[in-house]
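Q: The structure under discussion is supplied below as structure tokens; questions concerning it will follow.
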Amino acid sequence: MAGSIANFLLSVSLILSISLIFLLTIKINKKNFENLSVIYLCSDGIFYLLFISFILLVYSFIVSDFSNLVVYQNSHTTKPLFYKISGSWANHEGSMVLFILILSFYLFIFTKKKIDPELKCFTIIFQLILIFIFLVFLIFTSNPFTKILPTPVQGLGLNPILQDPLLAIHPPFLYFGYVGFSIVFSFVLAALMTKKLNSFWSREAHFFILLAWSFLTIGIGLGSFWAYYELGWGGYWFWDPVENASLMPWLAATALLHSNIVTQKKNLLYSWTALLSIFTFILSLLGTFLVRSGVLNSVHAFANDPFRGLYILITIFLIIFGSLTIFLLKNPSYQRKNNSFFFQKDNFILINNCFLIFFLSVVLVGTVYPIILNAINGESISIGPIYYNSIIKPFLFVFIFIMAYGPFLEWNKNSNNSFIKNLLILFIISLIFSLIFLFLLNNKNISLTLGILFSFYLFLTVIYDAFREKKLSINLSRILAHLGFATVIFAIFINGYFAKEINLSMKVGDKKQLENFLIEFKNTKSIKGPNYDQITANFLVTDGNKKVELTPSIRKYNQPAQFTSETSIKSNFINDYYFAINLSQFNDNKISLRFYYKPLMQCLWLGVILIACGGIFGLFKKKYENTI
Amino acid sequence: MKIQYKIVILFVILVLLFLAFGRALLKDKTYQPTEMVGKKVPNIILNDFNNKNKKISLVNLTNNNFVVINIWSSWCIPCKEENYFLLKIKKNSKINILGINYKDQHTNALKFLKDFGNPFNLIASDTLGEASIQLGAYGVPETFVVKNGIIVAKFLGPINEEITDTILNLSK
Amino acid sequence: MFLKRIFLFLFLLFITKQVFADEELKIKIFKNVRCLVCQGQSIYESNSDFAIDLKNIISKKLSNGESEIQVYEFLISRYGEWIIFTPMWSWHTLILWIFPIFILICGGILVFRFNKVNK
């Protein structure tokens with residue numbers, strides 16, 4: 001019942017969107033922008049319709065309506081309510097509903113903005129086209145309300161690895177990020193069409209860019225955190241193609257965020273900002289394609305039929321071709337004169353834009369090239385962490401140096417103020433600090449030294465930046481985000497070089513001294529969970545005078561019957577102690593385990609949160625500035 | 001440059017990329033390493049399945065000979081359907097078939113041969129799975145065709161009617 | 001092959017950290033070898049039969065005194081380049097390095113022009 005209503009609602013919104021597109025095209029041709037409120041009402045209507053069908057899908061999951069194919073394939077009556085709900089978007093069909101819902105959500109907020117009617121109408125058309133394309137995809141290739149007859153008594157259950165509170169909220173955040181760039185994309189195409197790409201556009205777009213960027217930052221952070229504690233290999237970033245797919249739009253969006261600031265402040269770089277707006281969304285789509293089409297061999301690989309992939313591929317290429325053609329035809333080629341010097345803020349932002357695009361191209365080529373090579377001549381190559389690390393690292397230092405320097409420069413004159421002279425002192429301080437640090441830790445690695453030096457230098461300059469302004473709130477957004485970035489880089493380097501991992505096999509009562517850890521296997525305990533049985537092992541780790549109790553466990557889920565290894569992580573802000581049980585390899589009553597010692601992991605997550613906070617604060621700051 | 005040209009160039013690049021991605025999409029994504037085809041049989045010494053003290057040298061065995069090497073195990077379900085075709089090869093030709101029993105319990109393997117028939121002229125045990133790695137195999141079942149000490153063909157997964165014919169043709 | 005060897009050697013020199021202990025070297029190699037059965041993971045992260053066998057063989061080879069490069073060469077000769085997560089040097093992998101550098105140079109030219117135009 002719920003399924004047929006939802007299917008009907010989806011079809012109505014499909015018809016509504018196509019008729020709105022026609023209506024708007026007629027209006028634009030006649031240049032008649034009266035009675036727009038009807039149009040706004042209809043576009044809100046699409047959002048409401050999609051929202052109701054989404055709720056209906058969630059409802060089918062909650063009541064375990066197994067006459068629905070998607071529910072049958074991904075749910076089970078014994079699953080806790082929370083995972084029944086999150087299960088509705090943990091599958092291909094459900095996640096596409098969420099995708100389209102968010103597309104229409106951004107349209108919904110956009111129509112509430114006070115913008116020139118022509119520009120607004122064009123934006124709505126482009127956004128509606130996107131909604132239409134994906135609705136067709138949803139209804140005809142991956143319908144979430146397909147019925148099965150006869151109705152099965154029980155569902156197949158959700159993959160236990162996806163039954164995790166973080167993974168329940170990770171996809172929505174990621175989608176709010178990815179899809180958020182759709183409105184920037186539609187908005188920039190509209191601005192190009194109407195030749196209204198100006199500082200007003202730039203200011204309005206800034207809000208959406210920041211919003212989507214903050215969501216994406218949080219989404220990536222959550223995904224990384226999930227991988228860290230759920231997969232149980234002690235890693236937080238694997239350079240896996242699916243992870244890269246989310247990193248690419250983030251890099252492009254970060255570049256866009258900064259170039260848009262230049263556009264806003266100085267009326268420059270219009271075509272560059274426009275191009276980045278287009279590419280950020282294209283990269284989001286590419287990410288969707290890579291994840292959803294099954295073109296990848298990946299940890300995440302969602303097996304799908306290739307025709308879905310083919311449909312996404314065709315539409316993506318049409319979207320790319322269409323948008324870039326509009327860009328080429330309507331590219332604003334006006335150049336403005338202004339007195340410019342090399343040591344000027346906009347110049348430094350532009351330089352770092354280049355570096356961001358460079359990082360982006362590394363990730364892009366590393367992710368996509370193996371696919372293309374294999375298609376061309378059948379050769380298979382793998383590209384793993386070593387490639388990315390070795391090519392990105394040297395340029396990262398330069399990037400951080402410029403990032404530290406830029407904020408102290410002025411927008412309109414060759415800056416030579418006292419702040420800049422002090423930067424040299426800060427640099428010397430951080431050099432001394434990093435040398436002392438490494439001397440104490442007894443490590444002579446050059447790349448580690450540089451990593452600590454530059455991240456610490458960035459850290460100091462950001463603190464200095466925060467105190468030189470009389471009013472902190474003016475630059476708080478930038479300060480938080482840059483501080484977060486410095487923290488992340490610092491944590492990555494320290495973690496990369498000082499993390500330890502020990503493989504051991506023990507039985508109850510065993511005591512082992514390994515490096516500086518005394519590991520004691522105390523006892524085991526059986527627990528019964530809602531839809532799994534669990535055996536927990538209790539360990540006591542003594543590191544110097546610190547004692548940490550750790551309780552890794554193994555779960556046997558009932559449906560689908562599958563074993564998972566649950567990690568146990570204890571942290572004292574500086575270090576993480578991390579235990580995971582190997583799933584196979586049991587012999588002589590011994591279990592084989594992996595013990596990880598991971599320094600500064602908490603700092604890493606804190607850094608990500610700071611970056612996102614920077615973005616969120618920026619959203620509010622704008623309003624505050626406008627009102628005064 | 002004129003804008004029309006730019007658009008045409010853009011279009012061409014996109015079409016090429018589209019073709020590449022489309023092909024990748026429709027391609028079978030199971031990875032089939034063919035590195036060993038055309039190379040000499042690696043020098044592996046295996047234990048005989050029936051007599052632990054007897055050794056089998058792959059190089060000696062395949063030298064100046066046509067041998068089909070089949071990696072199998074009693075716990076491998078596709079091996080059961082494959083067995084029928086191996087028996088067929090044995091029946092219709094004088095091809096030597098060497099079975100490599102991969103990570104198996106001896107009693108289970110004996111039962112398997114009793115239940116489904118024994119197509120092998122000779123069986124070697126690979127209890128640690130090392131020999132199959134030396135051969136460049138990564139699962140069961142896999143089949144290698146060796147002619148005069150050189151691997152001429154390799155088949156991933158169970159052999160079927162078609163592969164049986166290929167093997168029979170290769171032996172001529 | 002010789003060129004590949006030199007390249008691999010240089011590559012390994014620059015790898016994140018110098019490896020001292022045998023155990024660490026082992027883990028590093030395990031993380032760099034793809035588990036063909038599970039396709040997305042390295043053998044370090046897999047408990048499949050194939051991964052366990054490979055881990056045993058690699059450990060054996062290392063304790064026989066073979067070097068990291070020899071281990072990789074053995075694996076490539078059996079399973080092809082796909083099994084190693086670090087791309088090898090050859091004409092068709094050249095683009096992995098050239099493309100990003102090309103982008104960076106283009107960026108440099110654009111920045112330069114931006115400065116010139118403004119003056």
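The values are calculated or read from the model by the stated rules, or taken from the named source; none is laboratory data. A quick note: this is a predicted structure, and the numbers were derived from the prediction, not measured. Ideal geometry is used to build each Cβ from the backbone, glycine not excepted, and the neighbour counts take in all protein chains shown.
Q: Of everything in segment A:295-324 that's within 14 Å of chain C (Cβ to nearest Cβ), at pLDDT below 70 and touching a Gly at 6+ places or on another chain (Cβ under 7 Å), which residue is surrounded by the most Cβ atoms within 10 Å (Cβ to Cβ)?
A: A:297
Residue-by-condition table, conditions (1) without any contact (Cβ under 8 Å) to a residue 60 or more places away in the chain; (2) part of a helix (DSSP H, G or I); (3) more than 15 Å from residue A:285 (Cα to Cα):
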| residue | (1), (2), (3) |
| --- | --- |
| A:176 | no, yes, no |
| A:180 | no, yes, no |
| A:186 | no, yes, no |
| A:214 | no, yes, yes |
| A:219 | yes, yes, yes |
| A:224 | no, yes, yes |
| A:236 | no, no, yes |
| A:244 | no, yes, no |
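Q: Which of the residues belonging to segment C:40-67 are within 12 Å of chain B (Cβ to nearest Cβ), in contact with a Ser or Thr (Cβ under 8 Å, 6 or more places away or on another chain) and either in contact (Cβ under 8 Å) with a residue 12 or more places away in the chain or not in a helix (DSSP H, G or I) (or both)?
A: Scanning segment C:40-67 gives a single hit, C:40.
Q: Another question, then. Name the single residue that is nearest to the other protein chains (Cβ to nearest Cβ) among those in segment B:23-52 being under 21 Å from residue B:118 (Cβ atoms) and exposed (fewer than 14 other Cβ atoms within 10 Å of the Cβ). Show your work before the answer.
A: If we filter segment B:23-52 for residues that are under 21 Å from residue B:118 (Cβ atoms), which is where we start, we get B:46-52.
After this cut, where a residue has to be exposed (fewer than 14 other Cβ atoms within 10 Å of the Cβ) as well, the list is B:50-52.
On the way: B:50: 23, B:51: 24, B:52: 20 Å.
Per the criteria, the residue is B:52.
Q: Go through (1) within 10 Å of chain A (Cβ to nearest Cβ); (2) touching a Gly at 6+ places or on another chain (Cβ under 9 Å) for residue B:15 and report which single condition fails.
A: For residue B:15, the failing item is (2).
Q: Considering (1) within 23 Å of residue A:453 (Cβ to Cβ); (2) within 8 Å of chain C (Cβ to nearest Cβ), say which one residue A:394 fails and leave the rest.
A: Here residue A:394 clears every test but (2).
Q: Could you tell me which numbered condition residue A:492 fails, if it satisfies all but one of (1) under 30 Å from residue A:457 (Cβ atoms); (2) surrounded by fewer than 19 Cβ atoms within 10 Å (Cβ to Cβ); (3) β-branched (Val, Ile, Thr)?
A: Answer for residue A:492: the failing condition is (2).
Q: Out of A:152, A:172, A:144, report the one residue that is surrounded by fewer than 19 Cβ atoms within 10 Å (Cβ to Cβ) and assigned to a loop (DSSP other than H, G, I, E, B).
A: On the way: A:172 fails: assigned to a loop (DSSP other than H, G, I, E, B); A:144 fails: surrounded by fewer than 19 Cβ atoms within 10 Å (Cβ to Cβ).
Every option except A:152 fails the conditions.
Q: Any residue in segment A:138-151 that's touching a residue at least 24 places away in the same chain (Cβ under 8 Å): show its pairings with residues that are assigned to a loop (DSSP other than H, G, I, E, B) and buried (at least 17 other Cβ atoms within 10 Å of the Cβ) at Cβ separation under 8 Å, as long as the two are six or more apart or on different chains.
A: Correct list of pairs: A:138/A:144; A:147/A:67; A:148/A:66; A:148/A:67; A:149/A:67; A:151/A:66; A:151/A:67.
Q: So, restricting to strands (runs of 3 or more DSSP E) that lie completely within segment B:1-109, which ones have at least 3 residues that are more than 23 Å from residue B:160 (Cβ to Cβ)?
A: Filter on segment B:1-109 gives B:45-48, B:55-57.
Q: Identify all residues within segment A:480-513 that are aliphatic (A, V, I, L, M), closer than 30 Å to residue A:239 by Cα and either in a strand (DSSP E or B) or at pLDDT 90 or above (or both); write none if there are none.
A: A:480, A:481, A:483, A:486, A:488, A:489, A:491, A:492, A:494, A:502, A:504
Q: Further question on the same structure: Restricting to segment B:110-142, give me the number of residues that are away from chain C (no Cβ under 14 Å) and in a loop (DSSP other than H, G, I, E, B).
A: 5
Q: For segment C:93-117, what are the residues that are surrounded by fewer than 15 Cβ atoms within 10 Å (Cβ to Cβ) and at the interface with another protein chain (Cβ under 7 Å from one of its Cβ atoms)?
A: Of segment C:93-117, the ones surrounded by fewer than 15 Cβ atoms within 10 Å (Cβ to Cβ) are C:94-95, C:98, C:101-102, C:105-106, C:108-109, C:112-113, C:116-117.
Correct list: C:95, C:108, C:117.
Q: Could you please find all residues in segment B:148-168 being touching a strand residue (DSSP E or B) at 6+ places or on another chain (Cβ under 9 Å) and of a type outside the set (Gly, Ala, Ser)?
A: Hits for segment B:148-168 are B:148, B:150, B:151, B:152, B:154, B:155, B:156, B:158, B:159, B:163, B:166, B:167.
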